[in-house]
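Undergrad: Quick one: structure below, then a few questions.
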Amino acid sequence: MHSPLEIAKSYIEIGIHKSNLPIFKMILLGFFAGMFIGFAGIGSTVAASSISVASVAKLVGAMVFPAGMAMVLVAGSELFTGNNLIILSVLAGKNSVWKMLKNWLFVYIGNFIGTTFVAVLVVYGHTPNLFQGDLAVSDSFVRGILCNILVCIAIWMSFAAKRVSGKLMTSFWPVMIFVLCGFEHCIADMYFGVAGLLTASEYGITADGLTWFNFIVKNCRMWILYGISS
């Protein structure tokens with residue numbers, strides 16, 4: 001384990017590198033970090049929403065939210081609050097105040113754009129209605145986009161690890177978030193539809209509105225949209 005002194009020395013060099021990033025890259029990487037924190041925000045909200053005991057709900061939400069930080073750290077992005085540590089390189093006399101402030105400004109802007117992007121898709125994909133069981137075609141399209149962003153991030157993060165165990169751990173967080181939030185994965189939905197139909201037939205269960213016709217024909221346009229967005 002690195003000592004506090006070793007950590008400080010390491011971050012001084014990191015701070016210099018971050019401060020010298022091109023402005024466009026600061027904004028772009030800030031955008032990704034904003035997205036990751038936004039995903040963690042909706043995930044923690046969904047996880048806590050059906051728990052009546054306030055303290056337990058808070059604890060569950062707090063246990064989900066770190067997924068955002070995991071994505072920020074492993075996937076590679078710029079988070080304003082974490083970049084406050086750039087001040088270490090300034091205090092060490094190896095960086096300028098101007099460069100530090102420039103990084104903070106443009107990363108902050110990127111973070112705002114990223115979180116806003118996720119908020120818009122989450123709200124207009126009607127994720128807050130997750131437990132009402134309704135899903136319009138437009139909702140499925142938006143949730144498919146959100147799902148596939150997280151799937152791509154999961155794949156990306158898995159390449160940070162050299163061992164299978166590491167790949168499993170790094171890819172876990174984004175997948176957990178998209179399942180928890182009810183985002184739509186076109187391949188998974190194929191399974192659930194067929195499994196539901198076969199289960200209804202095998203066990204004599206009435207599946208309200210679920211028929212092969214509805215699944216294949218009426219949901220065809222949803223599959224197309226899922227395919228486009230996922």
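Undergrad: If GLU184 satisfies all but one of (1) modelled with pLDDT under 80; (2) of a type outside the set (Phe, Trp, Tyr); (3) in contact with a Lys or Arg (Cβ under 9 Å, 6 or more places away or on another chain); (4) assigned to a helix (DSSP H, G or I), what's the number of the condition it fails?
TA: Every listed condition holds for GLU184 apart from (4).
Undergrad: Write out, first by first residue and then by second, each pair whose Cβ atoms fall under 6 Å of each other, whose residues are 6+ apart or on separate chains, and whose first residue, in region 71-86, is in contact (Cβ under 8 Å) with a residue 40 or more places away in the chain while the second is outside any helix (DSSP H, G or I) and surrounded by fewer than 22 Cβ atoms within 10 Å (Cβ to Cβ).
TA: VAL74/ALA160
Undergrad: Can you tell me which condition GLU78 does not meet? The list is (1) acidic (Asp, Glu); (2) surrounded by 21 or more Cβ atoms within 10 Å (Cβ to Cβ); (3) part of a helix (DSSP H, G or I), and all the others hold.
TA: Answer for GLU78: the failing condition is (3).
Undergrad: Given the condition in contact (Cβ under 8 Å) with a residue 24 or more places away in the chain and within 17 Å of the chain's Cα centre (by Cα), answer yes or no: does some residue in region 48-59 qualify?
TA: No, that holds for no residue.
The values are calculated or read from the model by the stated rules, or taken from the named source; none is laboratory data. From a predicted model like this one, the values you see are computed outputs, not experimental measurements. As a convention, Cβ positions derive from the backbone with ideal geometry for all residues, glycine included, and neighbour counts pool all protein chains shown.
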